[in-house]
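The values are calculated or read from the model by the stated rules, or taken from the named source; none is laboratory data. Since we're looking at a predicted model, the values are computed, not measured. Cβ placement follows ideal geometry from the backbone for every residue including glycine, while neighbour counts extend to all protein chains displayed. Accessible surface is based on the protein model in full, side chains and every heavy atom, while ligands, DNA and RNA are left aside. Shrake-Rupley method; radii C 1.70, N 1.55, O 1.52, S 1.80 Å.
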Amino acid sequence: MTATKTMKRVLALAARGAGFVSPNPLVGAVVMKDGVIIGEGWHTEFGAAHAEVNAIAQAGAQAEGAELYVNLEPCCHQGKTPPCTGLIIRSGIKKVTIGMQDPNPLVNGKGTAFLRQHGIEVQTGILEKECKKLNEVFIKFITTHKPFVIFKFAMTLDGKIATVDNASRWITGVKSRNIVHRLRHGMSSVMVGADTVIYDDPLLNVRLTGKKRKMPLKIIADSGLRVPLEARVLTNEPQLCLFATTGKAATDKINEIRRRGAQVLVCNEKDQRVDLPFLFSRLGDMDIDSVLLEGGSTLAFSALKDGLVDKVIAFVAPKILGGASAPSPVGGSGIRAMEDALNLSDMRVRKVGEDLMIEGYLK
C-alpha cells in the first residue's frame, strides 16, 4: 500500500471515535511491515488508550522494525494516559508517518522532535488537508478554548423552514434527517432557541439504529425561561439539558428546572437576549468543544452577527411553501448592504436522496 492509501485507512479508523472522544482529537493508527498491515487501532473514547497504543498492541512483537502511520502527531506528555512517544520507541518502530502536527501547545512539534532524537525516521504532511478537516473541531478548541460551531438548517427551495402556521415536519427526506442525527452524534452539544422548543417540541437527541450512541448536551437559549416544564427536552433525559438564561428569569422557574435534573446557566444579557459570546466562553470552560446550532432564526442571526459560526450545513428540499410570514433560516434585523453579506468558502454540494446538502465555511 502507498503512504496515501495507508493514511486514508488511518483516517477511516480515526472517524470511528466520533462522538466518544470529545474533547480529545480523532486519531487512528496503522502499523505496517513489508507492505502488510499488522496492527490497527483508534482512540475509542475519552480517557481510554490512544490509537497508537491499540495499534502497537495488536502488532505485538512484530512491531520491531515496522512503520507506524498516524493522522496526528503522537503525544509526548503525560495526560490521562502515558505519552505515546515512549511506547513507540520501546516497541522498536523504525519509522513514523504523520498526517499533521498536533496544535496542542503541550505537543506542537515536540512529539516529532522527541522521536527523531531517538533515531526514529519521521515523515510528516501526508494527506494533511484531510487530517485537518477531520479534526477541525479539535483544532479550534485546543487553540482558542472556544467551541467549533456548525449552523445547520433545512429549508424549502424558496427558503422557508416552516409554513405560515409554523408546521415544519418534515421539510427534508429520511436520508437527510439521518445525516443530521449522525451530525448530532459527533457533536458535544445541540443548541436551539426557546421558540423552537415552544413551537416544535423537539427531543434534540440522536435516533439511529445499531451501535451505541453518545447523546449530545441539549442547550436551550431562553432569556426569560419561557419554555414550558412539559417540553420533551425536560421530560426526556433532563440531565442532558442546559438552559442558558438571563437575570430576567424567575427564580422559582430556575429552581424547578434544576429540581427536574437540568442545568441552568444565568448569562450576561445583550440586546435583551442571552449574550452569546459570554455563553460560548462558558461552554468552552465546561469542555464543550462543539455546538450544532439548529435554530431558530433569531438565534442564528445573533450567532452569525457575533462571528461565532464556523461552518454552515444547509439541506434544501425540492418543495415550495410561499407565504410572506413563513419563517426563513436566518431572521433578526438582517444585513442592509450586499457588500456586508456573510460569504462562505470551501463550498461542497451533494445530493442526498431528493435533497441537496450544501456545506461551507464562514470566512
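Would you tally the residues in the range 73-123 being out of contact with any Asp or Glu (no Cβ under 8 Å at 6 or more places or on another chain), in contact (Cβ under 8 Å) with a residue 12 or more places away in the chain and outside any loop (DSSP other than H, G, I, E, B)?
Final tally of qualifying residues: 8.
So which residues in the range 20-39 are within 28 Å of Pro216 (Cβ to Cβ) and open to solvent by 10 Å² or more (accessible area, probe 1.4 Å)?
Of everything in the range 20-39, those that are within 28 Å of Pro216 (Cβ to Cβ) and open to solvent by 10 Å² or more (accessible area, probe 1.4 Å) turn out to be Phe20, Ser22, Pro23, Asn24, Pro25, Leu26, Val27.
Would you mind finding the one in Arg226, Arg207 that is of a type in the set (D, E, K, R) and within 20 Å of the chain's Cα centre (by Cα)?
Arg207
Go through the range 275-363 and tell me which strands (runs of 3 or more DSSP E), entirely inside it, have 3 or more residues that are more than 16 Å from the chain's Cα centre (by Cα) and not charged (D, E, K, R).
By residue number, 311-317, 344-352, 355-362.
Residues of the range 60-82 being within 24 Å of Phe20 (Cβ to Cβ), at pLDDT 95 or above and hydrophobic (A, V, I, L, M, F, W, C), which ones?
Listed by number, the residues that qualify are Leu68, Val70, Leu72.
State all residues of the range 286-301 that are touching a residue at least 12 places away in the same chain (Cβ under 8 Å), of a type outside the set (Val, Ile, Thr) and surrounded by fewer than 23 Cβ atoms within 10 Å (Cβ to Cβ); if no residue qualifies, say none.
Asp287, Ser297, Phe301
Go through (1) of a type in the set (A, V, I, L, M); (2) exposed (fewer than 13 other Cβ atoms within 10 Å of the Cβ); (3) within 24 Å of Ser176 (Cα to Cα) one by one and return the number of the condition Met338 breaks.
For Met338, the failing item is (3).
Val309: β-branched (Val, Ile, Thr), touching a strand residue (DSSP E or B) at 6+ places or on another chain (Cβ under 9 Å) and open to solvent by 60 Å² or more (accessible area, probe 1.4 Å), yes or no?
No; evaluated as a whole, the condition is false for this residue.
Spot the failing condition for Phe138; the list is (1) of a type in the set (Phe, Trp, Tyr); (2) closer than 21 Å to Asn71 by Cβ; (3) touching a Lys or Arg at 6+ places or on another chain (Cβ under 9 Å), and only one is missed.
Only one criterion in (1) of a type in the set (Phe, Trp, Tyr); (2) closer than 21 Å to Asn71 by Cβ; (3) touching a Lys or Arg at 6+ places or on another chain (Cβ under 9 Å) is unmet by Phe138, namely (3).
Considering only residues that are under 29 Å from Lys140 (Cβ atoms) and open to solvent by 80 Å² or more (accessible area, probe 1.4 Å), which ones fall in the range 245-262?
Once the filter is applied, which keeps residues that are under 29 Å from Lys140 (Cβ atoms) and open to solvent by 80 Å² or more (accessible area, probe 1.4 Å), the range 245-262 yields nothing.
Name the one entry in Ala14, Ala57 that is open to solvent by 20 Å² or more (accessible area, probe 1.4 Å), assigned to a helix (DSSP H, G or I) and not β-branched (Val, Ile, Thr).
Step by step, each of Ala14, Ala57 is checked, and only Ala57 is open to solvent by 20 Å² or more (accessible area, probe 1.4 Å), assigned to a helix (DSSP H, G or I) and not β-branched (Val, Ile, Thr).
Could you check, for the range 157-176, whether at least one of its residues is touching a helix residue (DSSP H, G or I) at 6+ places or on another chain (Cβ under 6 Å) and closer than 20 Å to Ala18 by Cβ?
no
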